[in-house]
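Below is one structure, written out as structure tokens; comments come after it.
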Amino acid sequence: MILYDFACTEGHRFEAALRSMNAENPACTCGAATRRTPSRLNIGGRASAGSSRDDMPNSWRGIRGGDPETVRHWHRTMVNRERLEEKYPELAGDRRPVLAHEGAFAGAPLKAGDELSAAVSAATFSSPTPKKEATA
Ligand SMILES: [Zn+2]
């Protein structure tokens, strides 16, 4: 099975596993025709399997104020994703809580369990802002 990203003519995006490169594209949950889209790459340069949990709408606005068609679409997407992650646990990715993601950590968020010195050296400090050491 090969994972592909798809986009339908209505703008929905999802992923599906095909038996081969030459298999027919699956129809979207809305019934529209689909085309394959290039897989996105994540920060680590690892090939992405398509919609991840981060892509899921997490606001009322993200699901167009509760439009039933959109909600159904994302529900199916989530269910498919969960099934996929059961089969391929490595797709679940890193679900550790993010401790810091702003400023210097914008490019490399600091996550729980990270080795602190490594995380800090990976952080990019755009402008040097020397911090005054607190002297007691
Ligand atoms: Zn669709």
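From the list T70, T124, T135, T77, which residue is at pLDDT 65 or above, of a type in the set (V, I, T) and not assigned by TED's automatic domain parsing to the domain that holds C8?
Among T70, T124, T135, T77, only T124 is at pLDDT 65 or above, of a type in the set (V, I, T) and not assigned by TED's automatic domain parsing to the domain that holds C8.
Under 6 Å between Cβ atoms, which residue pairs at least 6 apart in sequence (or on different chains) link something in segment 1-30 that is more than 16 Å from M78 (Cα to Cα) with a partner that is hydrophobic (A, V, I, L, M, F, W, C) and outside any strand (DSSP E or B)?
Here the result reads C8/C28; C8/A32; T9/A32; T9/A33; E10/C30; E10/A32, each pair linking segment 1-30 to a residue that is hydrophobic (A, V, I, L, M, F, W, C) and outside any strand (DSSP E or B).
Does any residue of segment 31-39 turn out to be basic (K, R), modelled with pLDDT of 65 or more and not in a helix (DSSP H, G or I)?
Taking every residue of segment 31-39 in turn, at least one turns out to be basic (K, R), modelled with pLDDT of 65 or more and not in a helix (DSSP H, G or I).
Spot the failing condition for G62; the list is (1) at pLDDT below 65; (2) touching a strand residue (DSSP E or B) at 6+ places or on another chain (Cβ under 9 Å), and only one is missed.
Unmet for G62, out of (1) at pLDDT below 65; (2) touching a strand residue (DSSP E or B) at 6+ places or on another chain (Cβ under 9 Å): (2).
The values are calculated or read from the model by the stated rules, or taken from the named source; none is laboratory data. Predicted model only: the values in this text are computed from it and were never measured. Glycine also receives a Cβ, built like all others from the backbone with ideal geometry; neighbour counts cover every protein chain displayed.
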